[in-house]
Amino acid sequence: MDKSDPKEIEAMRKSSLLCQTGIRLGAIALTKSFGLAGRVILTRFIGAEGIGLFQIAYAYFGFVLMLITCGLPTTLAMYTAGKKDRGWVWFKRLTESSVVDHSSVIMAGSIGK
């Protein structure tokens, strides 16, 4: 069996693809089962009305988070994929500005009290 045989190479690629698909499927199933267990426990603690309020707040939180981030993580990931050195510089800049912004908001909130 020669390694340069195109049929054998194609078979290895398919095997690798199936293996990766299985790993990802297992990881997704594990994550979903953790979420289900958490939801069941949360429902037992806060009841049906509490779950309804939680879902309303979670939907609002997701919308606000989307507006705040404005697609920056995706943009930074795409930029970093093309230019690794420049992407790292932008990551540091955004992290530093985020820390400064959050610190100023926290300090302003504590001063106002």
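Bear in mind that the values in this text are calculations on the coordinates, not laboratory data. This is a predicted model, so every value here is computed, not measured. Note that we place each Cβ from the backbone using ideal geometry, even for glycine, and neighbour counts take in every protein chain shown.
Taking 0.36 nm per residue of separation and subtracting the Cα-Cα distance, what length does fully extending A27 through T43 add?
Length difference between fully extended and current span is 3.3 nm.
If I model a spin label as a point 7 Å beyond the Cα along the Cα-Cβ vector, how far apart are those points for T95 and A81 in nm?
2.1
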